[in-house]
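For reference, the structure discussed in these notes is given below.
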Amino acid sequence: MLYKSYYHSPLGKIILVSDEESLVGLWIEGQKYYLGKLKDDFVKNDNIDILVQTKEWLDLYFNGFKPCLSLLKLNPQGTSFQQKVWEILCDIPYGQTMTYGEIAKIIAQNEGKSSMSAQAIGGAVGHNPISIIIPCHRVLGKDRCLTGYAGGIDKKKQLLQLEKIIFKES
């Protein structure tokens, strides 16, 4: 059974989804790929421990603190390729960024390939089911240019500005 709760953030309403043990989803209402492949038949429950912990994490984050990712048990559902990309996203420190190309080089190197498509990386980044916490907003385009975000480019700007990250407008 999956459980949901809502969080009201500076970006708008966020839905949190849990399997009771871990966080499986966090989406800004109306974002692209909202709810991923999950059906919206969750049971509303504001008292599930991981959902309470996630709200506390988000409170810290939106108040300018740098909460540790390891405080939350995450269980994003995706292909093995997507999982590899999301693991790299989790390693991008608060206030820092990577480019799609840099992530592609890491994946290619880990798989013993000479190259990897930055567009393939973009697809995996865009389908991240735990926005903000798995920090896909910290991924920029070539030359550190601001590129798309499933939650909307305006929300990506807000998140980057919150973390005092300098980026180039495309």
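Each row is one residue, and each column tells you yes or no for (1) assigned to a helix (DSSP H, G or I); (2) over 19 Å from LEU74 (Cα atoms).
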| residue | (1), (2) |
| --- | --- |
| ILE134 | no, no |
| HIS137 | yes, no |
| GLY151 | no, yes |
| LYS156 | yes, yes |
| GLN161 | yes, yes |
Checklist entry - From GLY141, GLY112, GLY122, GLY148, which residue is open to solvent by less than 20 Å² (accessible area, probe 1.4 Å) and out of contact with any Leu (no Cβ under 8 Å at 6 or more places or on another chain)? => result GLY141
Checklist entry - If you take the residues of segment 31-55 that are under 21 Å from LYS157 (Cβ atoms) and in contact (Cβ under 8 Å) with a residue 40 or more places away in the chain, which of them is least open to solvent (accessible area, probe 1.4 Å)? => result GLN31
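Inside segment 123-170, can you point out the residues that are acidic (Asp, Glu), at pLDDT below 90 and at negative phi?
Listed by number, the list holds a single entry, GLU169.
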Checklist entry - Residue check: is SER114 assigned to a helix (DSSP H, G or I), at pLDDT below 95 and not β-branched (Val, Ile, Thr)? => result no
Item to check | Single residue of LEU58, LEU16 found to be open to solvent by less than 60 Å² (accessible area, probe 1.4 Å), touching a residue at least 60 places away in the same chain (Cβ under 8 Å) and of a type outside the set (Ser, Thr, Tyr) | outcome: LEU58
Checklist entry - Are any residues in segment 2-60 at positive phi and of a type outside the set (Gly, Ala, Ser), and if so, which ones? => result GLU20, TYR33, LEU35
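The values are calculated or read from the model by the stated rules, or taken from the named source; none is laboratory data. All of these numbers come straight from a predicted model, not from anything done at the bench. All Cβ positions, glycine included, derive from the backbone under ideal geometry; neighbour counts span all protein chains shown. The protein model used for the area step is the full one, side chains on, heavy atoms only, and it has no ligands, DNA or RNA in it. Shrake-Rupley method; radii C 1.70, N 1.55, O 1.52, S 1.80 Å.
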